[in-house]
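Note sheet for the following structure.
The values are calculated or read from the model by the stated rules, or taken from the named source; none is laboratory data. These numbers come from a predicted model, not from an experiment. As a convention, Cβ positions derive from the backbone with ideal geometry for all residues, glycine included, and neighbour counts pool all protein chains shown. Please note that ligands, DNA and RNA were not included when accessible areas were found on the heavy atoms of the full protein model with its side chains. Shrake-Rupley method; radii C 1.70, N 1.55, O 1.52, S 1.80 Å.
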Amino acid sequence: MPGGLSLRLDLRALTVVVLVLAGALAAGIALIGTGEARIPAADVLRTLAGNGTAYQDFIVNELRLPRVLVGLLVGASLGLGGALFQSVSRNPLGSPDVLGLSQGSTAGALVVIVLMSGSAAQVTVGALIGGLVTGLAIYLLAWKQGVHGYRLVLVGIGVNAIVTAVNGYLLTKADLVDAARAVVWMTGSLNGRDWDQVRPLLTLCAVLVPLVLVNARGLRMTEMGDDVANALGVRVQRVRLLLMVCAVLLTATATAAAGPVSFVALTAPQLARRLTRSPGPNLVPSLCMGAALLVAADWVSQRVFGADQLPVGVVTGVLGGGYLLWLLVAERRAGRI
């Protein structure tokens, strides 16, 4: 390139990113048009461009667009956070669902709901604090002259079990109204999401995504081993700590916005890697795949089951659970577990 700059592109990975991103946007447009008041895709696009009727503008821009944007941003955050954790732990099962971060955010939300009867905004703050505290605890417990893969996963599984038990205890102490409210939140849902959830998510992604991509080279070097990365001039523990903080923030904020939507952080990086067939963390493909998966799951939850609309967390749990079983069988046959 002019100026002496060089850029290496993997054409297959670039094609996958473009196609998955296009699929996510198409699913988002279809989702905006879905509901009791059906709006054709052409009218949705016209309304987004500012040329719709007042009725269409209210339905699209005030009621449905914020939900779709929250879905895209939450899915992207979970996909990117899952890719970071799997790369740092060097384990395809090293996702926030397995390591206990989602349960930590749930614990923070339950404390606010059960013990404080807090508002929706307070529940969001509680979930964010719970995720950050859990991430810090996992990092400190896994530290021994640095943080390494299997120790991080094992500590995370232990923390996940402890926090799950705490969540169960909190539910037993809640009254009927608070318990019902907590269970709905714990399922993971995009119902009722508005611009108040979009703005903090968008701000956080605008800050953290470029920061992660700037440090992507160092992350890729660490996958060859700490000694090789150090020899190549990478400050391994510094890069690892920075990216883990970014992953915890992405996961905790996504959980605070939509509840613990399960298995997106686990499946998105794996699907992205299988489509791109590219080594390395595949950060951008994982981000796009997470957004596409969550919006597609939300469309399924609204259209496939008729009048019985399901929370999106139920759909991702069913699909992700099946994928997890397949992944475990594939890893076992390959002799890796």
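The figures follow:
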quantity	calculated
Flag if residue 177 is over 30 Å from residue 89 (Cα atoms), at pLDDT 85 or above and assigned to a helix (DSSP H, G or I)	no
Verdict on residue 110 being at pLDDT 85 or above, in a helix (DSSP H, G or I) and within 30 Å of residue 237 (Cα to Cα)	no
Those residues of segment 166-188 which are in contact with a helix residue (DSSP H, G or I) (Cβ under 9 Å, 6 or more places away or on another chain), open to solvent by 80 Å² or more (accessible area, probe 1.4 Å) and touching a residue at least 24 places away in the same chain (Cβ under 8 Å), in sequence order	173, 181
Selection count where residues are under 20 Å from residue 197 (Cα atoms) and either touching a helix residue (DSSP H, G or I) at 6+ places or on another chain (Cβ under 6 Å) or buried (at least 18 other Cβ atoms within 10 Å of the Cβ) (or both), scope segment 108-142	16
Residue identified as at pLDDT 85 or above, closer than 24 Å to residue 216 by Cα and open to solvent by 80 Å² or more (accessible area, probe 1.4 Å) among 11, 19	19
Count of segment 250-288 residues which are within 24 Å of residue 127 (Cβ to Cβ) and in a helix (DSSP H, G or I)	17
Qualifying residues in segment 221-249 (those that are open to solvent by less than 20 Å² (accessible area, probe 1.4 Å) and not in a helix (DSSP H, G or I)) - the one modelled with the highest pLDDT	234
Residue among 145, 86 that is surrounded by fewer than 16 Cβ atoms within 10 Å (Cβ to Cβ) and of a type in the set (S, T, N, Q)	145
